[in-house]
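Take a look at the structure set out below.
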Amino acid sequence: MREESTLASRRAFLRFLASSPALYAAGQAMGQGLPDPYAPQVISRASDAINVFDFHEVAKQTLMPGHYTYMALGTDDGGTVRANREGFAKYQLRMRRLVDVRNIDTSIELFGERYPIPILIAPCGSQKAYHPEGELAVARAAKAKGVEQILSTVASVAVEEVNAARGRPVWFQLYTSPLWRVTEAVVKRAEASGCPVLALTVDLPVSNREALARHRRATNAECQACHAPGANLIPPKPIYDGIDMTGGEDRGGTFMDWDFVDRLRDSTSMKLLLKGIVTAEDARLAVEHGVDGLIVSNHGGRAEDSGRSTIESLSEVVDAVDGRMPVIVDGGFRRGTDIFKALALGADAIAIGRPYLWGLGSFGQEGVETVLDLLKRELEIVMRQARTTSIEEINRSYIA
């Protein structure tokens, strides 16, 4: 009797161990074929995704290697790309208790518009490299979920078409030209199409993207077929249709200064954001020069190798602005907890880049929509865990 009882207890104990994540990982390591429950999976449909990383696994398999390299990797040896993710681990959450959080409100307001979640779609160029419908699929997903889309200057679809797919004008991101006539023509076209906000990118004067250079070297036939001089397989970006680009091809912005910001601000009725501000000094100058908002960004680790994450830069920018303009932040956002930390540090909203491109490359519009749904779900979970019923309640008291 005692022996049977002992055997039953042992079996129960083994069942308990078999259900533990530690044993799953150990079993995999020992060749037992047990899956790691924390590892992302290659999924066959968007609805199977558990988190946004599952879309990354699909994108790695479906995208052309050169297109994946362009999207995924950063500058130099990728240190700032890694820093953007690692930065979130430097902040912990202080969870409150005993507040009724059965009903929570994830909505925010930006420039007089109400949005259901504090997530924007960041500007990313050449999206037809990831899906045949490119920016149009993203615009339809943005419409379905009610989020704001920021369209890149180097989009593969015309701004007017994207606006039509979105159901109303999107925000427009600007890469400048050293020729004012070219910049002015692009700005006037975006304004004429109804875009209410112009986001000037200021963080990309030059970039050293070694991984992309290695992939595009002359021995890579896949890349050379499209990108080699004289191949003529990549059409000019639609925004430049009808514009004489002679001498104005450089979009890096090495010539930009605060006088240029003033000139741009005075040339348009659109709200002007600066995308790429990461210090208090520049944030204060932005206030002085009458800018309407900031995006704390290091171009997803694709511009500089500062080794500093945007989440670590956020607080000083927020403090310098002191509530005088909205502050949005991008860079490495993958989880609802990431979003909550940014909101607690003072961001008005966050923007995502690579995650929605993973969704786009995997399953088109449905993939983008599911990425947004997953992030909203995770944000709602952490808001309930922290006992916050609205975005406005999230503040620095929740950060350790």
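Throughout, read-outs are computed from the coordinates displayed, never taken from laboratory work. Predicted model, so just to flag it, every value in this text is computed and none were measured. Positions of Cβ are generated from backbone atoms using ideal geometry, with glycine treated the same way; all protein chains shown enter the neighbour counts.
For the reader, a short list of remarks on this structure follows.
- Annotation: amide H-H contacts under 5 Å for T201 (H modelled 1.01 Å from N, sequence separation of 5 or more, or interchain): L174, K275.
- Mean-square fluctuations from a GNM of the chain, with a 10 angstrom spring cutoff on Cα atoms, peak among E161, E135, E304 at E161.
- In this structure, the amide hydrogen of S390, modeled 1.01 Å from its nitrogen in the peptide plane, lies closer than 5 angstrom to those of D105, counting only residues at least 5 positions away or on a different chain.
- Sorting the segments 120-126, 287-293 by their residues' average number of neighbouring beta-carbon atoms within 10 angstrom, most packed first, yields 120-126, 287-293.
- Of all DSSP beta bridges in the chain, antiparallel share, percent nearest 5: 15 percent
- Here's the list of aspartates and glutamates a cross-link from K188 could span, going by alpha-carbon distance under 20 Å and ignoring same-chain residues fewer than 8 apart: E160, E161, D241, D244, E249, D250, D259, D262, D266, D292.
- Counting every other Cβ atom within 10 Å of each residue's Cβ, W171, W358 order from fewest to most as W171, W358.
- Ellipticity at 222 nm from helices only: DSSP H runs of n ≥ 4 in the chain, each -39500 (n - 2.57), divided by the residue count, give -13000 deg cm²/dmol.
- Sparsely packed trypsin sites (Lys or Arg not before Pro) within the range 87-132, loop by DSSP, other Cβ within 10 Å at most 16: R94, R96, R97, R102
- Which of I352, I399, I150 has the fewest Cβ neighbours within 10 Å, and the rest in rising order: I399, I150, I352
- Which label in [x] 20.5; [y] 24.0; [z] 17.9 gives the computed mean projected area of the Cα convex hull in nm²: [y]
- Net charge over other residues, Cβ less than 11 angstrom from the Cβ of T370 (K, R count +1; D, E count -1): -1
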